[in-house]
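One structure is given below, encoded as structure tokens.
FYI, it's all coordinate maths here, none of it is from the lab. In this text the structure is predicted, and so the values were computed from the model without any measurement. Ideal geometry is used to build each Cβ from the backbone, glycine not excepted, and the neighbour counts take in all protein chains shown.
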Amino acid sequence: MLDIQLLRKDAALVAERLAARGFAFDAARFDALEAERKTIQTRTQDAQSRRNTLSKQIGMLKGKGEDTAVVMAEVAGLGDELKQMEARLSALQAEISDFLMEVPNLPHESVAHGLDETANVEVNRWGTPRSFDFAVRDHVDIGERLGQLDFAAAVKITGSRFSVMKGGLARLHRALAQFMLDMHTGEHGYTEVYVPYLVNADSMRGTGQLPKFEEDLFHVPRYASQECTDVDKLYLIPTAEVPVTNLLRDEIVAVEALPLKFVAHTPCFRSEAGSYGRDTRGMIRQHQFDKVELVQMVRPEDSYAALEALTGHAETILQKLGLPYRKMALCSGDMGFSAAKTYDLEVWLPAQNTYREISSCSNFEAFQARRMQARFKVGQGKPELLHTLNGSGLAVGRTLVAILENFQNADGSVTVPEALHPWMGGMDRLIPA
RNA sequence: GGAGAGGUGGCAGAGUGGUCGAAUGUACCUGACUCGAAAUCAGGCGUAGGUGCAAGCCUACCGUGGGUUCGAAUCCCACCCUCUCCGCCA
């Protein structure tokens, strides 16, 4: 959510900056709503004030045993009108809040202008894509030839866009998550957290998934055999960002506690509505996948340095695994709803002969913090909104795909990167059965 | 699943219709005393919004949402959460 004070002061400027990301901000509507709100609020509060004064008088008179008829008569007329004004005011405030909740974050000044991914800027590349002296297979072929990746079984059990892994591949998947967690806790100073995979609507609003992106989410009724009204829905998390960032919702922490750095390994659930034709083959786009997520809460002045550091933490994983990648600075139109600045890390996939997103690292500035009232306090000072950041470190399923494709051998086996050996129980290759 | 108790300021804890945004204790901040500290004493000490150049004034908030009333922390309804006992369970 944007700062309403900023909108009141300069809606035109905000509209201009939002246009850079392809969002049409209706400044006229905002101004009209605000003007009416202001009038109604002032009038309502005046009426409330009068009622309170008169009611106190009644209390005093009764205390002294005097007659209250005159005052009672005066206050009697106030009731209906006041009720109407209060209703109108709260309707207006809800309208303004709904309006604001659908406005995306302002892009940081360093973000390139552009409306889609073609305007993204490559920041750097790491590693050299390997050249193969045999025909490369994609991860689906490799996994199925190993006899360790089974999409047919997943379709039978659940449906499309799920997968079943077995044996060494399942272990490799687990090893990846363990390796990432151990790196981030041991080397990068993050605190591991375990969090719920089902969250309430307030949490989804806090990080910005709601109200705009309901269709991307899976949800369940809070109780079995219950009609699903909004309040009674629990949502499956689309990323650990949601439960982890919401740890700070409605909290005020001492400035000494910052920065807070959390890492969580969770499954993620996405309905992938509207992407029916894309990445239908393989594990690239699944309804359920695992991810190790990095989350930071920092002082506002530190958040851009923290974004660089956090992105670096994700890059370290790719480097240790020996996976070639490139770092992209997203343009204004390609960033997520809540982000002020985002770097995507894209890993090299030989079978697709291209780089594919494996991590997305964003600074949300105070956008999420304002929605969820996540604040810090210096000494006895006034609470201030902190800045939130997060990034994948990394998406486990896609990392697995990258390993299968980059480290495949002519005989159908796959070499396990050395960094993962401690978690592989002596297994250094996956070999077809 | 059954039975009961309860949700009040950072914490503890009063308050069952009328100057209650809320006693008291404690923590915290400022000042006095002290070489310094402790102890003691005095004052301060929630969040959000509106209005004003400002001092300030006003409004809302006692788990959440409704309702009754001139007036609700207090009464009524629904929901959420916590705790205790029994049952069940990884």
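General observations
- For chain A, averaging the sequence separation of C-alpha pairs within contact (under 8 Å, six or more residues apart) and dividing by the residue count gives a relative contact order of 20 percent.
- Principal-axis analysis of the Cα atoms of chain A puts helix A:27-63 at an angle of about 50° to the longest axis.
- Between A:Asn120 and A:Cys331, the built amide H atoms are under 5 Å apart, and every one of these is 5 or more places off in sequence or on another chain.
- Taking the Cα centre of chain A as origin and assigning +1 to Lys and Arg Cβ atoms and -1 to Asp and Glu Cβ atoms, the resulting dipole is close to 500 debye.
- Surrounding net charge for A:Ala27, when Lys and Arg each add one and Asp and Glu each subtract one, Cβ distance under 10 Å: -3
- Based on the reciprocal of the average 1/r between different C-alpha atoms, the Kirkwood radius for chain A equals 24.6 Å.
- Local charge for A:Leu181 was computed over the other residues whose Cβ lies under 12 Å away, with Lys and Arg +1 and Asp and Glu -1, and equals -3.
- Cα-based shape type of the range A:290-433, given that a ≥ b ≥ c are square roots of the gyration tensor eigenvalues and the cut on a/c is 1.5: prolate
- Cβ-defined net charge surrounding A:Thr280, 14 Å radius [Lys, Arg +1; Asp, Glu -1]: +1
- Cross-link partners of A:Lys62 among lysines (Cα-Cα below 29 Å; sequence separation of 8 or more within a chain): A:Lys83
- Principal-axis tilt of helix A:396-406 within chain A, Cα atoms, nearest 10 degrees: 30 degrees
- Cross-link partners of A:Lys341 among lysines (Cα-Cα below 30 Å; sequence separation of 8 or more within a chain): A:Lys9, A:Lys212, A:Lys261, A:Lys291, A:Lys320, A:Lys327, A:Lys377, A:Lys382
- Likely footprinting exposure, A:Leu310, A:Leu54, fewest C-beta neighbours within 10 Å first: A:Leu54, A:Leu310
- Cross-link reach is defined here as a Cα-Cα straight distance under 17 Å, omitting same-chain residues fewer than 8 places apart; for A:Lys64 the lysines meeting it are A:Lys56.
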